[in-house]
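The structure appears below as structure tokens.
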Amino acid sequence: MRIYGVTGWKNTGKTGLVERLVTEITARGFSVSTLKHAHHATEIDQPGRDSYRHREAGAREVLVASPNRWALMHELRGADEPPIEDLLAKMSPVDLVIIEGYKRGPHPKVETHRAEAGRDLLAPENPTIRAVASDSRHDGLSVPVFDLNDTKAIADFILAEVGL
């Protein structure tokens, strides 16, 4: 599977860009999956629901199945967070996996940037960032800079980078 990342500081448009990229790239006939990294304790099930109760009771994994989808939750219970490669190995094959987050991961990525977030760019110090998608100009960078809302151009860039 080919992988490409979207990274950046909080509130810079990562999730919105990933959502638009999935729509754009799947519309072109490619299969796409996503892997999202969070630095906090992410909850995908709700208190009181059966899956939550199973997990809270101590289950290491909880698989929820329905006629429409299935989801597998795995509790680390104090173990180290697995590397990206281990997580990708659990995914079904697709043309492209878009990884959101993992600023320091070894995979190529586009950095999102919004001036109002007030954070410096990661790109000058991170060689895995191959382009920047921003709402403001950034002259003098050694990587291409795209308008944050130019999803088509960013998708073209990513697909060319991964050879699709």
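The values are calculated or read from the model by the stated rules, or taken from the named source; none is laboratory data. On a predicted model such as this, the values are computed, not experimentally measured, just so you know. Here the Cβ is made from the backbone with ideal geometry for all residues, glycine too, and neighbour counts use every protein chain on show. Side chains are part of the model used for accessible areas, which takes the heavy atoms of the whole protein and leaves out ligands, DNA and RNA. Shrake-Rupley method; radii C 1.70, N 1.55, O 1.52, S 1.80 Å.
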Quiz item: Tally time: how many residues in the range 117-129 are surrounded by fewer than 18 Cβ atoms within 10 Å (Cβ to Cβ), without any contact (Cβ under 8 Å) to a residue 60 or more places away in the chain and outside any loop (DSSP other than H, G, I, E, B)?
Solution: 2
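Condition check: without any contact (Cβ under 8 Å) to a residue 24 or more places away in the chain, in contact with a strand residue (DSSP E or B) (Cβ under 9 Å, 6 or more places away or on another chain) and either open to solvent by 90 Å² or more (accessible area, probe 1.4 Å) or farther than 30 Å from ASP150 by Cα (or both). Does SER66 satisfy that?
Values: without any contact (Cβ under 8 Å) to a residue 24 or more places away in the chain: yes; in contact with a strand residue (DSSP E or B) (Cβ under 9 Å, 6 or more places away or on another chain): no; either open to solvent by 90 Å² or more (accessible area, probe 1.4 Å) or farther than 30 Å from ASP150 by Cα (or both): yes.
Spelling it out, it is not the case that SER66 is without any contact (Cβ under 8 Å) to a residue 24 or more places away in the chain, in contact with a strand residue (DSSP E or B) (Cβ under 9 Å, 6 or more places away or on another chain) and either open to solvent by 90 Å² or more (accessible area, probe 1.4 Å) or farther than 30 Å from ASP150 by Cα (or both).
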Quiz item: Would you pick out the residues in the range 136-164 that are over 30 Å from VAL94 (Cβ atoms) and either in a helix (DSSP H, G or I) or charged (D, E, K, R) (or both)?
Solution: ARG137, ASP139
Exercise. Looking only at the range 1-46, count how many residues are in contact with a Phe, Trp or Tyr (Cβ under 7 Å, 6 or more places away or on another chain) and either crowded, with 18+ Cβ neighbours inside 10 Å or not acidic (Asp, Glu) (or both).
Key: 4
Self-check item: Among residues of the range 1-56, those that are within 25 Å of PRO83 (Cβ to Cβ) and either assigned to a loop (DSSP other than H, G, I, E, B) or aromatic (Phe, Trp, Tyr) (or both), counted
Solution: 16
